[in-house]
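A quick write-up on the structure given underneath.
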Amino acid sequence: MIGRFSPPGRPLAALARPLLAVAAAAAVGGATAQAVQGGALFSPVAAGALTDPARLLRPAADVTLTPSAPVRLLTVVVPSTESAAQISRRYGVDMAAVRLLASARGTRHAQVSLAPASRERAPLWPRSVQPYRVRAGDTLAGIAARHGMRIVDVLGVNLERRSLDRVQIGEVLHLPTQERGVLIRIKAGQSALSLIAGYGADLAATARANGVLPTDMRIGDALLLPGVTAAGFQQQLLAQRVAEQRAAVAYDQQRRYERFLAQKQAQRRREQVAAVARQVQYERFLAWQQSAERQARIRAYEAQERFEAAQAAARQRAQEAARLAAARPPSPARAEGRATVQRASTGAVRLAWPMRTFRITSRYAERDIEFHRQVFHGGVDLAAPYGTPIYAATDGEVSRSGYGDYGLNVFVESGSSTLVYGHMSRTAVVAGQRVSQGQLLGYVGCSGICTGPHLHFEVRLDGRTVDPLALLP
Ligand SMILES: [Zn+2]
């Protein structure tokens, strides 16, 4: 049963004394407190009648007792050391509702009357404290300013808040519309009077602000304590905010440090991978240096040098013979000399360029070039874009077409000479096929050991490489 002042809005300053009297009565745990709490509809009494607090302890003409619902009685076993006050706090009833029964063999019983009112009505809430739904862009400070109050006034009626800053759209806050103070929900073991006393609030002002007699309030009711500020609570939230900001800074620093570490680690990993790759390359180079293939190539190169020296000597001799022949009448020796020159200079092979457009990037016999990682370069490298067609430099028969010494390569036999076309991206002929000069053999690529698309073009006469440029127009 809610005891409300009637008529509402009537000046209540006059009630201060009777209320104090009620509080005193409640403190001593008198039976009258129960009577008032148990269902008295409180009506204002004349100021003159307030001189005698005992008057309040008796039902007066202006106090109407409503018929109370049947009281529920509980008989409970309690520790022998527990007082009636402790039991009453535990059950949230007035001390008068607890009756200690005679103990039998060390076990004490108590009878607790549960007031029906405490189960019948909804928890009280002061009318002056209104809900406010948080909108987009709201802050606690903004809401307070807009309603003409301090943040601490907002905090006072929102003690369940955990932060000064975080408000979420749609969240419901409470705002005091009249009295500023602290809003507390009465918990088990508390009463409105104990809270008023504990916070040092004014009894009359509290009764006015809540619109109900403090003695009528029960556990679960919301009690507004006017004039009390939640400064301590605000301080606590401020301190928490500072701590949170510090934690955020520390977290950010930690994150940055971890990112820095990760970057350093990745850098070290890249360096290690690069070092391993260099080592592998170097070892491959060493292996190549010591390989039988390289030795064979060196021998071939030396043979080539001897061959070229012999060719040069032959040319010299032929020129010498021609000079002598020009100085002498014709003889069989002169005809023999001319034939030698012809064979030596052309090798009896007439070549056409294997591509229409290209750039010579490596010439025959270039030593120790990075590109081939070999001592002797047995052909010429003609660089051209990927997919540039490659044509047969001379007629012949395809002896190989597929992966070989120079990646995807094609070997064409022509009499005693072999022409090699290397590093193709695709071949257009098959082994055993006859090709004629200018016929499509394949396309420029970078297969095998290669750093950029080019054609490795090699000419072997009687198994020995010769400079293709010497045979090309
Ligand atoms: Zn090459």
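None of the figures in this text is laboratory data; all of them are computed from the coordinates on show. Since this is a predicted model, take the numbers as computed values, not measurements. Positions of Cβ are generated from backbone atoms using ideal geometry, with glycine treated the same way; all protein chains shown enter the neighbour counts.
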Based only on other Cβ atoms within 10 Å, what is the fewest-to-most ordering of L472, L224, L261?
L261, L472, L224
Under the Karplus curve 6.51 cos²θ - 1.76 cosθ + 1.60, θ = phi - 60°, whole-Hz ³J(HN,Hα) for the stretch 88-98, x wherever Gly or Pro sits
5, 5, 5, 8, x, 10, 5, 4, 5, 7, 9
Per residue of the stretch 290-298, in order, report the coupling 6.51 cos²θ - 1.76 cosθ + 1.60 (Karplus, θ = phi - 60°) as ³J(HN,Hα) in whole Hz, putting x for Gly and Pro.
8, 6, 5, 5, 5, 4, 5, 5, 4
Sparse-neighbourhood loop hits (trypsin sites (Lys or Arg not before Pro), the stretch 75-105; DSSP loop; Cβ within 10 Å at most 16 others) -> R105
Potential lengthening between V276 and R135 on full extension [0.36 nm per residue; Cα-Cα distance subtracted]:
44.6 nm
Which distance in nm do the two modelled labels at A85 and L440 give, with both placed 7 Å along the Cα-to-Cβ direction?
11.0
